[in-house]
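Here the structure is laid out as structure tokens; the discussion comes afterwards.
The values are calculated or read from the model by the stated rules, or taken from the named source; none is laboratory data. Everything numeric here is computed off the predicted structure, so don't read it as measured data. FYI the Cβ positions are ideal-geometry reconstructions off the backbone, even for glycines, and counts take in every protein chain you see. Protein only, heavy atoms only, side chains kept; ligands, DNA and RNA dropped before computing areas. Shrake-Rupley method; radii C 1.70, N 1.55, O 1.52, S 1.80 Å.
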Amino acid sequence: MPKLFVFAIGGTGSRVLKALTFLLASGVKLNNTDEVIPIVLDPHATNDDLLRTKELLREYGNIRSGLQTKPSEGFFGTEIKTLNRAIGGNATIADTYVFELQGVQQEKFRDYINYEGLDAPNKAMASLLFSEENLETKMDIGFVGNPNIGSTVLNQFRYSDVFQAFAENFGANDRIFIVSSIFGGTGAAGFPILLKNIRGAQAIGQIPNPAFLRDAKIGAVTVMPYFSLTTSDNKLIDPASFIAKTKAALDYYQKGVNPSVNALYYIGDDQTKAYTYDPGAGGQKNEAHFVEMASALAIVDFMNLPDSSLAVSNGRPTSPVYKEFGVEQDGTTLQMGNLAGATKEIISLPLSKMALFSTYLSQRLRTAAGTVQWSKANPQISTSFLNSQFFNSIKNFDTGFRQWLSEMGANKRSFSPFLLDAPNLGHTVRGFEPKKKGIFGGESDVKLDIVDDFDQTLNKTAEGKAYGSEADKFVQLFSEGTDRFVRERLPKVMDH
């Protein structure tokens, strides 16, 4: 099967990649591939957005590697690999999802370009292109809203061992998707530079498979402003400039970027929350946002496009498409019912399943293990399994999932589709509570509690089946059991 390379640029890139990981873990299907290879480009290596995404991907990989039979659908049904593992191990590149930019740690841009070592004409040119503030910028916190700096530094990627390994293992039918914001420095600079280097690999020299890269099927999402920053007297980034920078970048993209992309997705939001600007180590911990999940859905949509609609001739897509994201019913607080039918069709069942799974983990699992029928045999899910490294990865991943949903629910605009830990599982999906007719024709709540209904569903699902290991049973049974529970007991969730 073809591979999908996802280039996640800057803080927004990491947050969208995090949303994609949760979607894939819940069972959202990517067509036309069975392997995703993320490559993160961000000079701010210690920011919390990046670190949280790295940890999430690590636990996803631990869960997949702990299964004897790798699922191709349902929970954790898509392989996510580092580039190193995707190519079978390579001593020349690190086994990480993050490309480590050289020369940015604790270094000012002035030193990076050897400003003091330039001759007089080149120094004069550099002074025209870069302000004194630009030259004094420390790049280990990113490019702080300066794409002119970012484009210079990020251009090193094309000469790296990682780019060589990527190109060497890129096949004619593989696809590329680029995630970036347009209103900052890293994403706004990185997207055009990366696209140019991929399409123009032949001009770089000594790059493997340049024809494959020139005519690659490439999609991208350009994230416009969807959050702001609190103002202060000591800031490197001015949120008042976000819209102006977006307009300028869109004008440039229209001429120099759009014609080179098979499918370009635009998204943003005018309801924004202001974050405290914190560029230091451990800073940039933005709350998860619905826009990031919608941006991840652009990747799903791109992978749904048939190869026939993604033809490229001599580096130019023959039929490029441009798309935006919208909801069916606007509101400051979104639930599943607010989304358009096509969106609900993709995410309502998988995310509902993962929410039910999370609730069961939180409220019931420890008392059910080894006692309830589904857990007793073929093989047994015992308390010792709940103390295993595999289950620890499940718990850590679930903690991240709950935090992701909680942050989206508290953000502006808010997305709050689930009531996690609902004692009545019928109330887990907000707005889709099941009803049944009473004896006199009226409606009353269906009783769907964890102990009775969900355990019975798991019992029926496990009946007559044997699994290769405790881990395989755990993931497969809960994926199939939650699917069955939603379809049988919460059928309105399936209405699109």
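Can you tell me which residue in the range 185-207 is nearest to VAL261 (Cα to Cα), limited to those that are open to solvent by 20 Å² or more (accessible area, probe 1.4 Å) and part of a loop (DSSP other than H, G, I, E, B)?
It comes out as GLY200.
Taking into account only those residues within the range 376-390 that are outside any loop (DSSP other than H, G, I, E, B) and free of Cβ contacts under 8 Å to residues at least 24 places away in the same chain, which is surrounded by the most Cβ atoms within 10 Å (Cβ to Cβ)?
Among those that are outside any loop (DSSP other than H, G, I, E, B) and free of Cβ contacts under 8 Å to residues at least 24 places away in the same chain, it is LEU386.
Of all residues in the range 1-15, how many are in a strand (DSSP E or B) and either within 9 Å of the chain's Cα centre (by Cα) or at pLDDT 95 or above (or both)?
So the count comes out to 6.
Is one or more of the residues making up the range 331-348 open to solvent by less than 10 Å² (accessible area, probe 1.4 Å), assigned to a loop (DSSP other than H, G, I, E, B) and either modelled with pLDDT of 95 or more or under 21 Å from THR21 (Cβ atoms) (or both)?
Yes, the range 331-348 contains at least one residue that is open to solvent by less than 10 Å² (accessible area, probe 1.4 Å), assigned to a loop (DSSP other than H, G, I, E, B) and either modelled with pLDDT of 95 or more or under 21 Å from THR21 (Cβ atoms) (or both).
Among all residue pairs at least 6 apart or on different chains, which show Cβ distances below 6 Å where the first residue, located in the range 57-69, is on the phi < 0 side of the Ramachandran plot and the second is assigned to a helix (DSSP H, G or I) and of a type in the set (Val, Ile, Thr)?
Short answer, once both residue conditions are applied: TYR60/THR21.
So, PHE357, is that one open to solvent by less than 70 Å² (accessible area, probe 1.4 Å) and under 22 Å from the mean Cα position of the chain (by Cα) or not? Step through it out loud before you land on a result.
Numbers: open to solvent by less than 70 Å² (accessible area, probe 1.4 Å): yes; under 22 Å from the mean Cα position of the chain (by Cα): yes.
Judged against the criteria, PHE357 is a match.
Within the range 360-375, work out how many residues are over 32 Å from the mean Cα position of the chain (by Cα), surrounded by fewer than 21 Cβ atoms within 10 Å (Cβ to Cβ) and touching a residue at least 24 places away in the same chain (Cβ under 8 Å).
3
I'd like the residue in the range 466-496 that is charged (D, E, K, R) and at pLDDT below 95 and, out of all such residues, is surrounded by the most Cβ atoms within 10 Å (Cβ to Cβ).
From the range 466-496, those charged (D, E, K, R) are 470, 472-473, 480, 483-484, 487-489, 492, 495; that's our starting set.
Remaining after also requiring at pLDDT below 95: 487-489, 492, 495.
Numbers: ARG487: 12, GLU488: 11, ARG489: 17, LYS492: 15, ASP495: 11.
Result: ARG489.
Please specify each residue of the range 61-84 satisfying the condition of being surrounded by 16 or more Cβ atoms within 10 Å (Cβ to Cβ) and among the basic types (Lys, Arg).
Hits for the range 61-84 are ARG64, LYS81.
So which residues in the range 1-19 are touching a strand residue (DSSP E or B) at 6+ places or on another chain (Cβ under 7 Å) and within 20 Å of VAL291 (Cα to Cα), if there are any at all?
VAL6, PHE7, ALA8, ILE9, GLY10, THR12, GLY13, SER14, VAL16, LEU17
From (1) modelled with pLDDT of 90 or more; (2) in contact with a helix residue (DSSP H, G or I) (Cβ under 7 Å, 6 or more places away or on another chain); (3) open to solvent by 30 Å² or more (accessible area, probe 1.4 Å), pick out the condition that doesn't hold for ALA410.
Every listed condition holds for ALA410 apart from (2).
May I ask you to verify whether THR318 is of a type in the set (Ser, Thr, Tyr), out of contact with any strand residue (DSSP E or B) (no Cβ under 8 Å at 6 or more places or on another chain) and either surrounded by 15 or more Cβ atoms within 10 Å (Cβ to Cβ) or free of Cβ contacts under 8 Å to residues at least 12 places away in the same chain (or both)?
When the stated conditions are applied, THR318 does not pass them.
Among the residues of the range 21-42, is there at least one that is of a type in the set (Gly, Ala, Ser) and part of a helix (DSSP H, G or I)?
Yes, the conditions are met somewhere in the range 21-42.
What is the residue count in the range 208-223 for residues that are surrounded by fewer than 21 Cβ atoms within 10 Å (Cβ to Cβ) and either modelled with pLDDT under 90 or not basic (Lys, Arg) (or both)?
6
Go through the range 294-315 and give me each residue that's assigned to a helix (DSSP H, G or I) and open to solvent by 40 Å² or more (accessible area, probe 1.4 Å).
Across the range 294-315, the qualifying residues are ASP301, ASN304, ASP307, SER308, SER309.
Consider only pairs whose beta carbons are under 9 Å apart and that are at least six residues apart or on different chains; among these, list those whose first residue lies in the range 322-343 and is free of Cβ contacts under 8 Å to residues at least 40 places away in the same chain and of a type in the set (S, T, N, Q) and whose second residue is in a loop (DSSP other than H, G, I, E, B) and open to solvent by 70 Å² or more (accessible area, probe 1.4 Å).
ASN338/GLU328; ASN338/GLN329; ASN338/ASP330
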